[in-house]
Amino acid sequence: MPAMLPGAPHLARADGALRLGGVPLAELARRFGTPLYVYSQAAMLDALAAYQRALAGRRHLLCYAMKANANLAVLQTFARAGCGADIVSGGELARALAAGMPASRIVFSGVGKTRAEMRQALDAGVRGFNVESLAELQRLSAVAVELGATAPVSLRVNPDVDAGTHPYISTGLRDNKFGIAHDEALAAYRLAASLPGLRVTGIDCHIGSQITQAEPFVDALDRMLDLVAAVESEGIVLAHIDLGGGLGIRYADESPPAADALVARMLARLDARGFGTREILLEPGRSLVGNAGVLLTEVQYLKPGAARNFCIVDAAMNDLVRPAMYEAWMAIEPCVERAGPARVWDVVGPVCESGDWLGRDRALTVEPGDILAVLSAGAYGMTMASNYNSRPRAAEVMIVRGEAVLVREREVIESLFAGERLISG
C-alpha cells in the first residue's frame, strides 16, 4: 500500500478498513451492492477551495467541466459553492439546469454544436459559447438571427502547445480537432465581429487533460495574450480570458502542481503583461472530482494460469473504460486487508473482450467475495459508462457529512431495452 493513498486525507485506512469520508467502503458495498461508485463531497469542496483561494479578490468564474462527472448531486454541490458549468452538449445543459446551475454561469464548448443545441442554449440564456470553427460562427449567427437573439461568443484558440499527455486527451496541438489555429484566430475574430446576432466577449483556450506540469499552461497563456493584444488593436474588446482546465491528479506517482500554486503563477503572468484586471474563467474538471471517488467491485473468481493470474471481478470496462481506452493505471486496494502472502493478479471484468481489465500485475492478497476499490475513479468513470454486454450501469453514492446518500439508483435490466420495439407480424 502506498504511504499516502490518492485522495488522502479523505481516503484513508483505519484498523485495516479502507474508508472514504470516514465511512468503511466494504459496508457500502454490502449495503448498496457492486459495482458501486462512491464519492466524497468534502473532497470535492476541498479541491474547489484551492482554486477559490487563488482567485480571491479577482473577477472570475469557475466553470466545472461536467464531462468529468455529470451526476446531478455533483453538479448541485458545485452550483451551491458558486460555480458555473462548462458543457459540451444539449444533454449536459439540461443536466446542469436540472441541478440548479444558473444558465448565466454556463459556457457551451465543443466542436460539433447542432442547430437544435444552439437554439436550446440561446433559449436558456447561457453565459456564452466557446466557438471552435468559422463554420460554427456562421451557423450560430444564423440561428441567433432566426431567434431574434444575440449570442455571446468567445473563440477557442488552439495555441499549438504540447501538454505532454496521452494523445487521446491532447487538445492543444495543431493536428487536434479542437479550436481555431492560432495563426488564423485574428481573421476569425474579424469575422465574428462582423456577423449579425453575435457579440464577441472573450477568448478561450484548453490544451488537454491530466497535465502534470505548469509550463504548458504558461506557454499557452503567453500565446493567448499575444493574440489578445493583436485582436484589441483592431478595436475588438475581449472582456474575459478563459484559461480552460486540464490540471492533472495523482493516480500513481504523478506530482502535478497544486491548483492554487498553478493559478497564482498564471495570475502573476497576467499581471506582468498588463492583463490583471480582466475577468478570468477557468474550467477545471478532473482536478475537482478525480481523487474524490472510488469504484467498488466484488471478486467473483480467482483463475491462476501458466502465464497470467486472473482476478475476475464484477466491474468491467463498461463501468470504467479508462484502463481499456487509455491504458490508464489506477490504484486498486482491498477494502479490508487480508493476512497472508500477496500474489500478482490481472484484475479483469466479465465483459467478453480481452481489453476488459481494470489493472494488470497487481500484488494482492485476495479471495472470492472480497471487495476491491479502484481509486481515483471520480472523473471519467461513471460519465463514460455504457451498457455493453447488456450490463446495467452502477449505482452512485455520495458521502455527505459522514452519511452515505444514494445519488443514482442502479439501473435495472428492463430499462436497457424499454425503448426498443419488436417487429410486428
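The values are calculated or read from the model by the stated rules, or taken from the named source; none is laboratory data. Small disclaimer: the values here were computed from a predicted structure and weren't measured. Every residue, glycine as well, gets a Cβ built from its backbone with ideal geometry; the counts of neighbours run over all protein chains shown.
Per-structure values
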quantity: Pairs where the first residue, in the range 298-314, is without any contact (Cβ under 8 Å) to a residue 24 or more places away in the chain and the second is surrounded by 13 or more Cβ atoms within 10 Å (Cβ to Cβ), C-beta under 7 Å, 6+ apart; calculated: 303/310; 303/312
quantity: Unique residue being modelled with pLDDT of 95 or more, out of contact with any Asp or Glu (no Cβ under 8 Å at 6 or more places or on another chain) and under 22 Å from residue 257 (Cβ atoms) when the list is 48, 28, 72; calculated: 48
quantity: So residue 379, is it of a type in the set (Gly, Ala, Ser) and more than 20 Å from residue 67 (Cβ to Cβ); calculated: no
quantity: Every residue from the range 317-370 that is among the aromatic types (Phe, Trp, Tyr) and touching a residue at least 60 places away in the same chain (Cβ under 8 Å); calculated: 326, 329
quantity: Selection count where residues are surrounded by fewer than 16 Cβ atoms within 10 Å (Cβ to Cβ) and of a type in the set (Val, Ile, Thr), scope the range 201-217; calculated: 0
quantity: Restricting the range 275-299 to residues that are charged (D, E, K, R) and assigned to a loop (DSSP other than H, G, I, E, B), the residue that is farthest from residue 382 (Cα to Cα); calculated: 278
quantity: Residue among 69, 130 that is within 19 Å of the chain's Cα centre (by Cα) and part of a loop (DSSP other than H, G, I, E, B); calculated: 69
quantity: Yes/no for residue 420 being out of contact with any Leu (no Cβ under 6 Å at 6 or more places or on another chain), of a type in the set (Asp, Glu) and under 30 Å from residue 45 (Cα atoms); calculated: no
quantity: Which numbered condition residue 308 misses (of (1) farther than 22 Å from residue 18 by Cβ; (2) touching a Gly at 6+ places or on another chain (Cβ under 9 Å); (3) charged (D, E, K, R)); calculated: (2)
quantity: Conditions (1) closer than 19 Å to residue 329 by Cβ; (2) outside the structural domain of residue 329 (by TED's automatic domain parsing): number failed by residue 379; calculated: (2)
quantity: Qualifying positions in the range 72-92 - assigned to a helix (DSSP H, G or I), in contact with a helix residue (DSSP H, G or I) (Cβ under 6 Å, 6 or more places away or on another chain) and closer than 17 Å to residue 124 by Cα; calculated: 90
quantity: Residue 133 vs. criteria in contact with a strand residue (DSSP E or B) (Cβ under 9 Å, 6 or more places away or on another chain), buried (at least 23 other Cβ atoms within 10 Å of the Cβ), under 15 Å from residue 204 (Cβ atoms) and assigned by TED's automatic domain parsing to the domain that holds residue 227; calculated: no
quantity: Lone qualifier among 332, 371 - being over 25 Å from the mean Cα position of the chain (by Cα) and crowded, with 17+ Cβ neighbours inside 10 Å; calculated: 371
quantity: Only one of 361, 370 that is acidic (Asp, Glu) and more than 22 Å from residue 30 (Cα to Cα); calculated: 361
quantity: Helices (runs of 4 or more DSSP H) (entirely within the range 172-274) containing at least 3 residues that are at pLDDT below 95 and in contact with a strand residue (DSSP E or B) (Cβ under 9 Å, 6 or more places away or on another chain); calculated: 215-232
